[in-house]
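A short write-up of the structure that comes next.
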Amino acid sequence: MKRIIAFDFGQKRTGIAVTDPLQIIASGLTTINSENLIIFLKDYLKTEPVERFVIGEPKSLINQETHSSNLVKHYTGLLKQHFPDIPITMVDERFTSKMAFQSMIDSGLSKKQRQNKALVDEISATIILQSYLSSLN
């Protein structure tokens, strides 16, 4: 089977998570500078087959767009342009950053480690991907 990749887009960084080939487990892959996303994916796709992109969709508590919505639309458009054969699924990303931070606390990471915003972005992408996988069952 092919992998599924999830993204937590940000102005500066994008957290990326990926499934195992059997699409059972979501794991953090990396965090990259958002401007390098397409280059990173082109390299990644040379060695790993990908079935789907899952994107965290920012929504407010009242289910409206947020200040990040235009950024996500921009990167979603780039993905469609550069990888037209890979379908995209949007997943509600509300509370993923808070959940990521809490999981860092629960994992026993130090305060200094929890201040690593790149790690928060990667964990957020993992939560988005796990949410998608759970919705399939």
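The values are calculated or read from the model by the stated rules, or taken from the named source; none is laboratory data. Quick caveat, the model's predicted, so the values are computed rather than measured. Please note: Cβ atoms are built from the backbone with ideal geometry, for glycine as well, and neighbour counts cover all protein chains shown.
Out of 27, 34, one residue alone is touching a residue at least 12 places away in the same chain (Cβ under 8 Å), touching a helix residue (DSSP H, G or I) at 6+ places or on another chain (Cβ under 8 Å) and surrounded by fewer than 15 Cβ atoms within 10 Å (Cβ to Cβ). It is 27. Summed over region 58-78, the residues that are modelled with pLDDT of 90 or more and closer than 12 Å to residue 34 by Cβ give a count of 3. If you take the residues in region 42-59 that are surrounded by fewer than 15 Cβ atoms within 10 Å (Cβ to Cβ) and of a type in the set (D, E, K, R), which one is farthest from residue 81 (Cα to Cα)? Step by step, filter region 42-59, then rank; the result is 48.
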